[in-house]
Amino acid sequence: MTTAAISAPSAFEDLTYKKVAWRIMPLLMICYIVAYLDRVNVGFAKLQMLSDLGFSEAVYGFGAGIFFFGYFIFEVPSNIILHRVGARVWIARIMVTWAVVSGACMFVSTPTSFYVMRFLLGLAEAGFFPGIILYLTYWFPSARRSKIVSIFMAAIPLAGLIGGPLSGWVMESVAGVSGLKGWQWMFVLEAIPAVVLAIVVFFYLDDSIKSAKWLSAEEKNLLADKIAEDQREKIDHGSFGAVIKDGRLWLAVVVYFCIVMGQYSLTFYLPTLIKTAGIKGILNIGLFTAIPYGTAVVSMIWFGLRSDKKRERRWHLVIPMYMGVVGLVGSALAGTTNTEIAVAFLTLAAAGVLSATPLFWALPTSFLAGASAAAGIAAINSVGNLSGFVAPFLIGAIKDATGSSNIGLYVISCVLVIGSFAVLKFPAKLVNR
């Protein structure tokens, strides 16, 4: 379908989608902020936990990354269950489970217990992100999805924007209360919101357009017709076995693997990189992490809006990936010699890599539908997220061996370049919708 062939949406259509977005997106974003914070707050815990427990950088990297093995195991089954039982019940269940495990991370005392708790956290959280991506396909057609997914995934930098200063404050201000370390209190206190939000999700979220009592009959018909029209242009393979035989799925896995390598090299190590740049004190480090994340919020939404407006997907993804490359390499070269320049490059890296993540999802959701979308999205996310293990473990091992994270950042940059070439393997006529 060419851009010229696409009719302009009516005012009623725009108002209807705006109504849907305001109904579901704030809650989903808040849930993802909490989810992401519980997933990556180990990056702040690292600033105290390694010395308190005597862990090496490699132990931290392995523990941070093993989360994604648990994630990998249960991702596809979880999304298939969500497609069958509905988002409301299943997402609430996921949130309660991960809250319990995340809070229990306060009991970590040995490398083995650290590995076990991180693995269980991945198992508990599996299905949340791909479940939300799938859920959004029930409401928004491909032409509107880059913007809406970018808005949803702005929760990642928002989690850093809020969580950095919050984690730094908690770890400094309540350390020693009731005999607990600052990092132990952080795990407990940051797990509580997930339980509260799970209750809200259960009573507030609607499983489908049909069950949304806040929509008029005319609005429901419009939304249902748009989704039906969107689905007719896609493929429902009918079975998971058929899905995994589609070569485009595995090309998408390669792209996502590369992007996530960049994403988690930042989210797990940004506090450490900020410290390396010359910032002292846990609270100050937390405040400085807000700069890259705050910039990334604006960048993500801008790229998402522009991608939908232009109906162009590939270059809107490739350009942020190269922003990530320049930012990571530049921060490594700046090192400790110039704090301002190092933070500026880290800001560029965060804006690029974090913008690339939501833009990626316009690719697979442009050719998957129905049960294929449920299984395919989960498969891409689960396999791609294994790079969330590779990135922190690789950087940690390299830092133990060389005393510096720079070589690890160069390797991650090369991976992003490889991913950018894979993006351009997707035909423009397939994804530019």
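Descriptive notes on the structure:
- Under 23 Å from the Cα of LYS309 - lysines, other chains or at least 8 residues apart: LYS18, LYS19, LYS147, LYS226, LYS234, LYS425, LYS429
- For the chain: Kirkwood Rh in Å [reciprocal of mean 1/r, alpha carbons]: 21.7
- For peptides 132-141, 60-69, sequence by mean Cβ density within 10 Å, most packed first: 60-69, 132-141
- Average silhouette area of the range 116-258, convex hull of alpha-carbon atoms, in square nanometres: 12.6
- Distance between the pseudo-spin-label points of SER56 and TRP302 (7 Å out from Cα toward the beta carbon): 4.3 nm.
- Calculated FRET value between LEU283 and ASP207, using beta carbons and R₀ = 41 Å, to 0.05: 0.45
- Around the amide H of LEU368, modelled in the peptide plane, lie the amide H atoms of ILE235, all under 5 Å away and 5 or more residues distant in sequence or on another chain.
- Between ALA224 and THR112, the contour length at 0.36 nm per residue exceeds the alpha carbon distance by 35.3 nm.
- Arranged from fewest to most other beta-carbon atoms within 10 Å of their beta carbon, CYS414, CYS105 become CYS414, CYS105.
- Local charge for ALA422 was computed over the other residues whose Cβ lies under 13 Å away, with Lys and Arg +1 and Asp and Glu -1, and equals +3.
- Most mobile of VAL149, VAL415, VAL85 in a GNM of the chain (Cα contacts under 10 Å): VAL85
- Averaging Cα coordinates gives a centre for the range 337-366 and one for the range 238-297; these two points are 8 Å apart.
- Selection from LEU333, SER355, PRO141 lying farthest towards where the dipole of the chain points positive, charges on Cβ: PRO141
- Gaussian network model of the chain, Cα within-10 Å springs - most flexible of GLY419, GLY163, GLY54: GLY54
- Calculated [θ] (222 nm, deg cm²/dmol) that DSSP helices of n ≥ 4 give over the chain, each run adding -39,500 (n - 2.57): -26000 deg cm²/dmol
Computed from the coordinates by the stated procedures, all read-outs in this text should not be read as laboratory data. Bear in mind the structure is a predicted one, so any value in this text is a computation, not a measurement. Glycine also receives a Cβ, built like all others from the backbone with ideal geometry; neighbour counts cover every protein chain displayed.
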